[in-house]
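Trainee: Before we start, here is the structure in question, set down as structure tokens.
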Amino acid sequence: MDRKQFREELFRISAELGCSAAETYYEGDEAFSVSIREGQMESYKVAKEVGMSLRVQYNGKNGYAYTESFEDPETLVRRAMDNAKVIESGDEHPMLGAQTYQTVEPNATPLETLSAEEKIAMAIDMEQKVLAADPRIVRTQGSEVETGFSRYELHNTLGLCAERETNSAAIVLSAIAEENGVVKDGFAARLNDKADDVKGLVQETAEDTVFQLSAAPVETGTYRVLLKNSAAATFLSPFLGIFSAEEAQKGRSLLAGKEGETIAAECFTLWDDPFHPSAPRAFDGEGYPTYRKAIIENGVFKTLLHNTKTALKAGVQSTGNATRSVSGPVGVGPTVLSVQKGEGTYEEMLEKLGSGLMISGFGGLHVGMNPISGDFSIMANGALVENGKIVRAVDRITVAGNLYSLLKDIEAVGADSKMTLYGPIESPSILVRSLQVAGK
Amino acid sequence: MISEQSVNRILDAASQTGADFAELFEEDCERNSLVMAGGAIEQSVSSHRHGAGVRVMRGEQSAYAYSADTSEEALIETAKAAAAALKSEPMQHKLQYMKKRYTTPQEIRFDSIANDTRVQLMHRGYAAGKAVSEKIRQMTVNYFDQVQRVLICNTEGVWAEDERPRTRIMFAAVASDGTNAERGSESPGCCRGFEAYSKAIDVEASARKAAERAVLLLSAKDCPGGNMPVVISGGFGGVIFHEACGHSLEATSVGPGNSEFCGKLNTQIAAPCVSAMDDGTIPFEWGTINIDDEGTPGQRNLLIENGILKSYLIDRLGSRRLHLPMTGSSRRQDYTYAPTSRMTNTFICPGKDDPDEMIRTMGTGLYAASLGGGSVNPLTGEFNFAVGEGYWVQDGKIVCPVRGAMLIGKGAEILQRIDRVGPSMWMAQGMCGSLSGSVPTNVGQPVIRVGSITVGGKGGAM
């Protein structure tokens, strides 16, 4: 049956079987991607995915069941009820009724109007350009063009109706450079509204890849460190859980109860921005209206992020930060995180660094992080900087420290904001007083 | 599952633009997952994944399309979407199948047990972990079971049906002494029915191990950084081989020439004390497969013998690129991914060295008793992985527990620096992420010693 019929059947059967409320979350995705390597099509993917998650309220508890086949509504309802029956946690998690939302235009991307053939041609062109950019670039690991469209629909028996659509686009280049027997790879990407910036993408890929050819470790020791914009944003991504009220309520965030305290340097402000042009949305994963808020403002911790369940438990209002996926329950998380710009270009930040290390990327970021204690020890690469000038490339080092100390050790925040692929988080370059480095 | 007549029409539609090979992968997967925190079940979710994908190949080109709608009409459209990537004359394939059906024995099927049974199991583990110490502030238990049913058919006559049960229970403990908080986790899993929890997995012992590790780390000092010898324990210690070598032997890296082990077959790539295996056939193990996701039966592949590279891990596309036979190594997370070469149960084979002697004669360095996850760049071989439970060794004696250690290096260099391999091998379970999504794999090894490796940590001199 079609999804509207399926939804209506789910609501009817849920009520018949004694559920006090029922909610459906539908997600439909269409995606296209092509990857070119050595002028040949290496991969080509066309996708159509749909899924519907049912959440029922039964005897005061939530139960979830999910399906990709819209054929058997009764089984889905019974599964969800079975799941509600075993819930032992006493936390209440009611559903929301009808809400009113700000109007948000779906974000447009520059690749939407391209045909499959044009996207293939674009990927071939990107590869040729990066190969031509520097003689040391010998081949690529792939030149990719991707587009996607997603539709989300949230309905429940209390009158909630929230629907939105998003478009996505990405161009990604991964190049291999070789010189004197040394082989290095590097990659760069442009996302969504920036996905037609082939020139910038090619230049960044070529420069970063070739630069790494001369890389070597530095001596083990303590260094002043400049986290370059994308590296700073990427670095923050594994730690996002510390802002979640759910994690705090479960004893897994050291920020529990720290609202109003100074946890970072005064120059550091972090926003949760649901209306950020990269992925704007007017409601969260349970239909609560979203709004822009500072999580850390001038170094002061302002708020944990809440959905209605954690808010009810804490006796506060939801912050509109419910997350949702078709295959899981309602959770808590940021929308789009944005570190507020300070002053100074990247070059000026290098000057502020003076002598030390510039870190431009991490390897296996998730591996070396302890999101509970904030301790980290991660593989990194970048450059050695002396008197504000880059001296040589650096790789095979680890940088180690503690997130909470690092936040207080921030000396300056630049104005060169960039969005990371692992996010969505954007950050300018961040200058840190000292980190422990293991190398030679 | 789809009828033979439908399959024929779908593969035929896929071959209209010159595919010299076409394949249909249909999947139906039922999964139950529960989360317990603070001793109470707080999430319980059932999911039903259902869909199919069509892959076409011509020479070394390949295209994939998939759909959640598995009606014949929708799958013919899906086949055409994949075929649109190719631009040649139609190919006629003679469609005749060798029909094979595989299953994994399940004494207690997951659809025969009530959720209460799962809940009781989780409570048992929770109680055991919590009882370890009053410093255990939080104990989270995640449980899941699933049965994936697949049908794989292709224009070369493969028709394989497979039923794949899998279950895992994950304990994550947080210990706190008021100022510090540390984690410990254990996540055993295997390929069988619910009898796993009476025949293979001891939930109480696993929960206790997770809790004990979290408590131990509270008294640990920060690990000093630098270059030093490291003794790595068995079981999950095998993640070092998984990252330092395994990924770089996958045809995904080797085929396009992007691995440091390209062209190294039958040459010495590791110290002579190192032999290694990827074995998808060990009964009931977490990384075991009856058939891979192209329908090829699982195999026991000797990768390295006494330091000499013997085999890569090769899927169908990799076989075309490398002109080497397939090794039963093609895997994918689910129908939303095209399959590619992956590991199954991968381990360093037992050697002859005494683990006590390894520590006694190592001088000053690190004993890594338990490892966390890792990652690698196969092109350069640069890898990293985290030490979950480590001990500082001075003059051949264990001094104290250390935390926050990270090991980094280059695969080819590290393999040559292994100078001891212990006599007994055991394995541990992990999820491995790569091009074709997240797949269950075992890592394993005996206790080994690496002569010198870069250790990252924020501690000063001991």
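Trainee: Please work out if B:ALA386 is within 21 Å of B:MET462 (Cα to Cα), free of Cβ contacts under 8 Å to residues at least 40 places away in the same chain and surrounded by 24 or more Cβ atoms within 10 Å (Cβ to Cβ).
Mentor: It is true that B:ALA386 is within 21 Å of B:MET462 (Cα to Cα), free of Cβ contacts under 8 Å to residues at least 40 places away in the same chain and surrounded by 24 or more Cβ atoms within 10 Å (Cβ to Cβ).
Trainee: Same structure again: Being free of Cβ contacts under 8 Å to residues at least 60 places away in the same chain and within 28 Å of the chain's Cα centre (by Cα) is the filter here, so list the residues in the range A:77-114 that pass it.
Mentor: A:GLU112, A:THR113, A:LEU114
Trainee: Any residue at all in the range B:256-276 that is surrounded by 20 or more Cβ atoms within 10 Å (Cβ to Cβ), under 28 Å from B:ARG164 (Cα atoms) and either in contact with a Lys or Arg (Cβ under 9 Å, 6 or more places away or on another chain) or not assigned by TED's automatic domain parsing to the domain that holds B:ARG149 (or both)?
Mentor: Looking through the range B:256-276, at least one residue is surrounded by 20 or more Cβ atoms within 10 Å (Cβ to Cβ), under 28 Å from B:ARG164 (Cα atoms) and either in contact with a Lys or Arg (Cβ under 9 Å, 6 or more places away or on another chain) or not assigned by TED's automatic domain parsing to the domain that holds B:ARG149 (or both).
Trainee: Among the residues of the range B:189-207, write down those that are open to solvent by less than 40 Å² (accessible area, probe 1.4 Å) and polar (S, T, N, Q).
Mentor: Matches in the range B:189-207: B:SER206 only.
Trainee: Among the residues of the range A:70-83, how many are surrounded by fewer than 22 Cβ atoms within 10 Å (Cβ to Cβ) and at the interface with another protein chain (Cβ under 7 Å from one of its Cβ atoms)?
Mentor: Of the residues in that region, 1 qualify.
Trainee: Whether any residue in the range A:295-305 is over 17 Å from A:SER427 (Cα atoms), open to solvent by less than 40 Å² (accessible area, probe 1.4 Å) and among the hydroxyl-bearing types (Ser, Thr, Tyr) is what I want to check.
Mentor: yes
Let's see how each residue does on (1) among the polar types (S, T, N, Q); (2) in contact with a Gly (Cβ under 9 Å, 6 or more places away or on another chain); (3) more than 30 Å from A:SER14 (Cβ to Cβ):
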| residue | (1), (2), (3) |
| --- | --- |
| A:ASP134 | no, no, yes |
| A:ARG151 | no, yes, no |
| A:ALA169 | no, yes, yes |
| A:GLY181 | no, no, yes |
| A:LYS184 | no, no, yes |
| A:LEU201 | no, no, yes |
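Trainee: Select, from B:ASP28, B:ASP69, the only residue that is at pLDDT below 95 and not in a helix (DSSP H, G or I).
Mentor: B:ASP69
Trainee: Working only within the range B:310-338, note down all residues that are out of contact with any Cys (no Cβ under 9 Å at 6 or more places or on another chain), in a loop (DSSP other than H, G, I, E, B), within 14 Å of chain A (Cβ to nearest Cβ) and of a type in the set (D, E, K, R).
Mentor: Matches in the range B:310-338: B:ASP315, B:ARG332.
Trainee: Now a separate question. Run down A:ARG252, A:ARG190, A:ARG224 and say which single residue is under 30 Å from B:LYS135 (Cβ atoms) and of a type in the set (Lys, Arg).
Mentor: Criteria check complete, one pass: A:ARG252.
Trainee: Just wondering, is there one or more residues in the range B:281-294 that are among the acidic types (Asp, Glu), within 30 Å of B:CYS400 (Cα to Cα), surrounded by fewer than 24 Cβ atoms within 10 Å (Cβ to Cβ) and in contact (Cβ under 8 Å) with a residue 60 or more places away in the chain?
Mentor: no
Trainee: Same structure again: Looking at the range A:314-331, can you tell me whether even one residue there is within 14 Å of chain B (Cβ to nearest Cβ), open to solvent by less than 40 Å² (accessible area, probe 1.4 Å), among the hydroxyl-bearing types (Ser, Thr, Tyr) and in contact with a strand residue (DSSP E or B) (Cβ under 6 Å, 6 or more places away or on another chain)?
Mentor: no
Trainee: For the range B:394-438, give me every one of the strands (runs of 3 or more DSSP E) that falls completely inside it and has 2 or more residues that are crowded, with 19+ Cβ neighbours inside 10 Å and within 14 Å of chain A (Cβ to nearest Cβ).
Mentor: Numbers: elements: B:397-403, B:406-410, B:418-421, B:426-434.
Here the list reads B:397-403, B:406-410, B:426-434.
Trainee: Give me the residue from the range B:65-84 that is among the hydroxyl-bearing types (Ser, Thr, Tyr) and within 10 Å of chain A (Cβ to nearest Cβ) and, out of that set, most open to solvent (accessible area, probe 1.4 Å).
Mentor: Applying the first criterion (among the hydroxyl-bearing types (Ser, Thr, Tyr)) to the range B:65-84 yields B:66-67, B:70-71, B:78.
Next, from what is left, pick out any that are within 10 Å of chain A (Cβ to nearest Cβ): B:66-67, B:70, B:78.
Working: B:TYR66: 16, B:SER67: 9, B:THR70: 31, B:THR78: 12 Å².
Checked the range B:65-84; the qualifying residue most open to solvent (accessible area, probe 1.4 Å) is B:THR70.
Trainee: Do you know which residues across the range B:233-253 are more than 21 Å from B:ILE448 (Cβ to Cβ) and at pLDDT below 95? Outline the logic, then answer.
Mentor: Taking the range B:233-253 and keeping what is more than 21 Å from B:ILE448 (Cβ to Cβ), we get B:250-253.
Scanning the range B:233-253 gives B:THR252, B:SER253.
Trainee: For the range A:158-186, enumerate the residues that are within 26 Å of A:PRO280 (Cα to Cα), open to solvent by 20 Å² or more (accessible area, probe 1.4 Å) and away from every other protein chain (no Cβ under 14 Å).
Mentor: A:LEU158, A:GLY159, A:CYS161, A:GLU163, A:ARG164, A:GLU165, A:THR166, A:ASN167, A:SER168
Trainee: Any idea which residue in the range A:247-261 is surrounded by the fewest Cβ atoms within 10 Å (Cβ to Cβ), counting only those that are in contact with a Lys or Arg (Cβ under 8 Å, 6 or more places away or on another chain) and at negative phi?
Mentor: A:GLU259
Trainee: Mind listing whichever residues of the range A:49-69 are within 9 Å of chain B (Cβ to nearest Cβ) and in contact with a Phe, Trp or Tyr (Cβ under 7 Å, 6 or more places away or on another chain)?
Mentor: Of everything in the range A:49-69, those that are within 9 Å of chain B (Cβ to nearest Cβ) and in contact with a Phe, Trp or Tyr (Cβ under 7 Å, 6 or more places away or on another chain) turn out to be A:GLY51, A:SER53.
Trainee: If you take the residues in the range A:172-198 that are polar (S, T, N, Q) and in contact with a strand residue (DSSP E or B) (Cβ under 7 Å, 6 or more places away or on another chain), which one is farthest from A:MET419 (Cα to Cα)?
Mentor: Per the criteria, the residue is A:SER174.
Trainee: Six or more apart or on different chains, Cβ under 8 Å: which pairs go from a residue in the range B:315-344 that's on the phi < 0 side of the Ramachandran plot and surrounded by fewer than 24 Cβ atoms within 10 Å (Cβ to Cβ) to one that's part of a helix (DSSP H, G or I) and not β-branched (Val, Ile, Thr)? Could you list them?
Mentor: What qualifies is B:SER319/B:ALA251; B:ARG321/B:ALA251; B:LEU322/B:ALA251; B:LEU324/B:GLY318; B:PRO325/B:SER319; B:MET326/B:ARG316; B:MET326/B:GLY318; B:MET326/B:SER319.
Trainee: For the range A:215-243, what are the residues that are surrounded by fewer than 21 Cβ atoms within 10 Å (Cβ to Cβ), more than 14 Å from chain B (Cβ to nearest Cβ) and over 17 Å from the mean Cα position of the chain (by Cα)?
Mentor: Correct list: A:ARG224 only.
Trainee: Further question: Sort out for me the strands (runs of 3 or more DSSP E) sitting completely within the range B:137-242 that have 1 or more residues that are in the same structural domain as B:PRO378 (by TED's automatic domain parsing). Steps first, answer last, please.
Mentor: Details: elements: B:158-176, B:181-186, B:226-232.
Hits in the range B:137-242: B:226-232.
Trainee: Right, another one. Filter the range A:34-48 down to the residues that are more than 9 Å from chain B (Cβ to nearest Cβ) and among the small types (Gly, Ala, Ser), then identify the one that is surrounded by the most Cβ atoms within 10 Å (Cβ to Cβ).
Mentor: Per the stated criteria, the residue is A:SER35.
Trainee: Name, by its number, the condition in (1) part of a helix (DSSP H, G or I); (2) in contact with a Pro (Cβ under 7 Å, 6 or more places away or on another chain); (3) of a type outside the set (D, E, K, R) that does not hold for A:VAL104.
Mentor: All conditions are met except number (1).
Trainee: Let me ask something additional. What are the residues in the range A:394-433 that are under 21 Å from the mean Cα position of the chain (by Cα), within 14 Å of another protein chain (Cβ to nearest Cβ) and in a strand (DSSP E or B), if any?
Mentor: none
Trainee: Related question: Take B:ALA210 and decide whether it is within 14 Å of chain A (Cβ to nearest Cβ), open to solvent by less than 10 Å² (accessible area, probe 1.4 Å), under 25 Å from B:ILE282 (Cβ atoms) and small (Gly, Ala, Ser).
Mentor: yes
The values are calculated or read from the model by the stated rules, or taken from the named source; none is laboratory data. Quick caveat: nothing in here was measured; it's all calculated off a predicted structure. Heads up, the Cβs are rebuilt from the backbone with ideal geometry, glycines too, and the neighbour counts pull from every protein chain shown. Calculation scope for accessible area: heavy atoms of the full protein, side chains included, ligands and nucleic acids excluded. Shrake-Rupley method; radii C 1.70, N 1.55, O 1.52, S 1.80 Å.
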